[in-house]
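Asks: Dropping a structure here in structure tokens format, bear with me for questions.
Readers should treat all values here as calculations from the given coordinates under stated rules, not as data from a laboratory. It should be emphasised that the depicted structure is a prediction, and the values quoted were computed from it without experimental measurement. Please note: Cβ atoms are built from the backbone with ideal geometry, for glycine as well, and neighbour counts cover all protein chains shown.
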Amino acid sequence: MLTIHHVSKQTGISVRTLRYYEEIGLLLPIAKTEGGHRIYDENELKTLQQIVFLKTLGFKLKEIQTLINNSWEWEASLDHQLAFVAEEQKKLQQMKNAILGLKNASSIEGGLTESLIQKYIKLSSQERDKKQAFRQQIFAAAEMDLFQKLPNLNRNDPSSLEWIGLLGQLKQLRKESPEADSVQFIIKRMMEKTEVEYKGNDAFLEKMWTIRRSPHKSEQMGLYPLEEEFLHFIEQALHIYESKKQVSGKSQP
């Protein structure tokens with residue numbers, strides 16, 4: 001036989017919580033002493049262990065009470081709880097993606113601003129089905145596989161993070177000349193990554209660049225919005241890089 005204070009000490013459940021369980025009829029002491037102290041035996045301790053376990057599974061106290069009283073089907077209850085947990089995981093993943101997206105967008109823009117938040121809210125509010133339908137209109141099945149490999153604000157894989165970092169660095173240099181060594185160094189790395197990740201898929205890359213140059217199509221596609229001026233700066237830097245590469249190639253013996 002254990003008093004409520006011994007049960008509390010042994011289980012880590014507060015006296016206040018044990019009294020509340022008694023109040024709602026979830027866990028009743030077997031008796032009370034003349035001094036009013038609640039007494040529990042091994043059966044109540046087992047019931048308390050069940051309560052604690054079911055709480056860790058996410059069941060509410062009313063549901064736990066029904067389960068313990070054997071008036072609820074455990075199998076159906078567990079199936080229901082699994083579905084609930086799966087839905088919560090989905091919501092948490094969406095929250096995680098949104099937070100990652102905002103952090104990565106901040107890396108591109110060089111800081112978190114009200115303008116950036118509004119831009120990201122607009123991007124996030126687009127209907128997923130509509131974006132997917134538009135992508136399927138533009139790309140063939142094989143190209144859709146390539147599209148999934150594109151850097152994504154909502155991911156934290158190494159490739160996406162490097163692309164985001166390079167884009168952010170380039171944006172910080174947009175007041176420089178497209179010919180500047182610092183700009184061309186970043187463009188060189190971008191082209192190296194493109195060669196490794198999309199080798200032999202020039203048609204896909206051309207299609208993506210055409211879409212990226214169109215604010216309307218970029219929005220339909222669900223791409224992160226980049227200012228026209230910045231895109232023009234990138235295009236200039238790319239032309240300079242390609243021109244220098246051609247000249248360098250011709251000068252090789």
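Asks: Along each of its three principal axes, how wide is the spread of alpha-carbon positions in the chain, in whole angstrom units, largest first?
Replies: Taking max minus min along each principal axis of the Cα atoms, the chain gives 102, 39, 36 Å.
Asks: On the Cα set of segment 148-190, report Rg and Dmax in Å, please.
Replies: In order Rg, Dmax, the Cα atoms of segment 148-190 give 11.5, 33 Å.
Asks: Can you work out the PRE-style zone for residue 209? Point 7 Å along Cα to Cβ, and I want the residues of segment 157-187 with backbone N under 14 Å.
Replies: What the label zone holds, given the 14 Å backbone N cut-off, is 187.
Asks: Rounded to a whole number of µm²/s, how large is the Stokes-Einstein D of segment 179-253 at 25 °C and 0.890 mPa s, given Rh as the Kirkwood radius over C-alpha pairs?
Replies: So the translational diffusion coefficient is about 178 µm²/s.
Asks: Additional query: Name the most mobile residue of 231, 153, 82, meaning the one with the largest mean-square fluctuation, in a Gaussian network model of the chain with Cα contacts below 10 Å.
Replies: Largest GNM mean-square fluctuation: 82.
Asks: Express the relative contact order of the chain as a whole percentage, based on alpha carbon pairs under 8 Å and six or more residues apart in sequence. Before the final figure, lay out each step's value.
Replies: Numbers: 169 pairs, mean separation 34.8, N = 253.
Result for the chain is 14 percent.
Asks: Using only DSSP helix segments of four residues or longer, with each worth -39500 (n - 2.57), what per-residue ellipticity at 222 nm results for the chain after dividing by its residue count and rounding to 500? It would help to have the intermediate numbers written out before the result.
Replies: Details: 13 runs with 183 residues, N = 253.
After summing the helix terms and dividing by residue count, I get -23500 deg cm²/dmol.
Asks: What are the lysines whose alpha-carbon lies under 20 Å from the alpha-carbon of residue 62, with same-chain residues fewer than 8 places away excluded?
Replies: 46
Asks: With the convex hull built on the Cα atoms of segment 2-72, state its orientation-averaged projected area in nm². Show your work: numbers first, answer last.
Replies: On the way: hull surface 18.4 nm².
With every direction weighted equally, the projected area is 4.6 nm².
Asks: Between residue 201 and residue 56, with labels modelled 7 Å along Cα→Cβ, what's the label distance in nm to one decimal, could you check?
Replies: 4.4
Asks: Over 16 Å, how big is the tail of the calculated P(r) for segment 36-104, in percent of all Cα pairs?
Replies: Cα-Cα pairs of segment 36-104 separated by over 16 Å account for 61 percent.
Asks: Suppose R0 equals 30 Å; then what is the FRET efficiency for residue 66 and residue 103 from their Cβ-Cβ distance, rounded to the nearest 0.05?
Replies: 0.10
Asks: Now, a different point. Restricting things to alpha carbons, tell me how big segment 100-198 is in terms of Rg and Dmax, in Å.
Replies: 15.3, 43
Asks: Taking 0.36 nm per intervening residue step and subtracting the Cα-Cα distance, what contour gain separates residue 91 from residue 23 on full extension?
Replies: In short, 21.1 nm is gained.
Asks: What residue among 194, 66, 17 has the largest mean-square fluctuation in a Gaussian network model of the chain, using Cα springs under 10 Å?
Replies: 17
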